[in-house]
Amino acid sequence: MTYVPRLASAAAARRARALGDRCQLQCQRRLNQRRVCAPRAGSDDRDTRSKSEDELTVSQASIDAIKARARVADGDLKVGLDDYREKWRVPWSGATVALGLVGWCVSFVGVAAIGFPLALSRAHIDPSAFTPVEQAEYLLAVQVVETVVSLSVVYACVSRHLDVVKDAKNDWFTIDFSEPFESEKGWAKYGLLGYGTTFLVLAATSFAMEAVDNAQRSGAPSAAANQIAEQAPGTIDGVLPLIQSDDPTALVAVLTVTSVLAPLLEEVVFRGFLLASLTKWLPTPGAVLFSSVLFGLAHLAPRDFVELVVLGMVLGFSYARTRNLLTPMMIHSLWNSGVLIVVAAAIKGGFAKELGIPGF
């Protein structure tokens, strides 16, 4: 997005503001003179004063309109870069933020690594014997419970400040489906723009990382280095066996997890709660970066860490722009579903190796 037109109109903006200031000064002088000279009593005098004040009100409205046009022309309204720098009103302390993150981690591990395995053990069910479809359904069940528990943890952390959270002007956890393509903050508009931007920034990131890697190694990377890089876990590894199933039920279950539940949970936690909370101590771009680093770390996927941080920054800035969680949720969902569908098609079509998909 470019802001060159506003730069071209800077001179007009200054003239408009100067005109507004002069009009305001003149109206104030007229009002002061009439207040000094106006009689103290009489219905006719009161009517005259009322009429004069009405005229001044109209004049003030004209002044406001002039100044509004000046601010729009000069970029002083909350558009452009100012939207990306605006902070949230954060009523809770750093301890609440830390407690929320720790609570989310504990609930995540407790559900997936303790709760469900323990329940299977008590029911004498061996998960290693699951078919791909059963594994996908199990993953879906775990994710549903994780989402409910994690959102409950976030709610518990902010529950003492619900008066601030529920105040619409504070933009906390906003999910608003209205005006999807509104010019300034349309969630679908910026969701599509963010999705397109994700391809560009990740391609640039991949190119830069490859260039740096080649420069450090002074040539082609060794086979041993490539093997180490491939052995590092990535985000796609856990679901690869599931989407290879011939039963479409497995793919649908995985898509529900990665494209519906995961975006809902992660955007509420990392953008709605963490990013917004961090603006109490950091400028908004710094909060976007810091929350994106934590977002990358939380995936426990060293092979994709840099890409996850970059994706998190796109999600964070899109949220800062629209103040609507639907925007990063949409980008997150489109990205995850797009990757899964391409990977599944590559596996079925026999060209997974050509795309560099691990294990092929």
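The values are calculated or read from the model by the stated rules, or taken from the named source; none is laboratory data. All of these numbers come straight from a predicted model, not from anything done at the bench. Every residue, glycine as well, gets a Cβ built from its backbone with ideal geometry; the counts of neighbours run over all protein chains shown. Calculation scope for accessible area: heavy atoms of the full protein, side chains included, ligands and nucleic acids excluded. Shrake-Rupley method; radii C 1.70, N 1.55, O 1.52, S 1.80 Å.
Key figures for this structure:
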| read-out | value |
| --- | --- |
| Theoretical FRET efficiency, 1/(1+(r/R0)^6), r = Cβ-Cβ of Lys166 and Ala98, R0 30 Å, to 0.05 | 0.80 |
| Label-point gap, in nm, between Ala203 and Glu182 - each point 7 angstrom along Cα→Cβ | 3.2 |
| Accessible area per residue in Å² at 1.4 Å probe, computed on the stretch 262-360 | 35 |
| Peptides 130-137, 81-88 ordered by average Cβ neighbours within 10 Å, highest first | 130-137, 81-88 |
| Simple spin-label estimate for His299 and Leu282 in nanometres, 7 Å along Cα-Cβ | 1.8 |
| Amide H contacts under 5 Å for Gln244, placed H, 5+ residues apart | none |
| Peptide ranges 284-295, 235-246 listed from the most packed, as the mean C-beta count within 10 angstrom indicates | 284-295, 235-246 |
| Unsatisfied cross-links (Cα-Cα over 20 Å) in the set Lys166/Lys280; Lys185/Lys280; Lys87/Lys185 | Lys185/Lys280 |
| The stretch 316-327 - phi-based ³J(HN,Hα) in whole Hz, Karplus 6.51/-1.76/1.60, Gly and Pro as x | x, 5, 5, 5, 4, 6, 9, 6, 9, 5, 4, 5 |
| Centroid-to-centroid separation of the stretch 318-360 and the stretch 142-166 [C-alpha atoms, Å] | 27 |
| Estimated vicinal HN-Hα couplings, Hz - the stretch 335-349 in sequence order (Karplus 6.51, -1.76, 1.60; Gly, Pro = x) | 5, 4, 5, x, 4, 5, 5, 5, 5, 4, 5, 5, 5, 5, x |
| Nitroxide proxy distance, nm - points 7 Å out along Cα→Cβ at Asp213 and Asp126 | 3.9 |
| Ordering of 312-323, 92-103, 143-154, 252-263 by packing [mean C-beta count within 10 Å, highest first] | 312-323, 252-263, 143-154, 92-103 |
| Added length on full extension, which subtracts the Cα-Cα distance from 0.36 nm per residue, Asp237 to Ala141 | 32.7 nm |
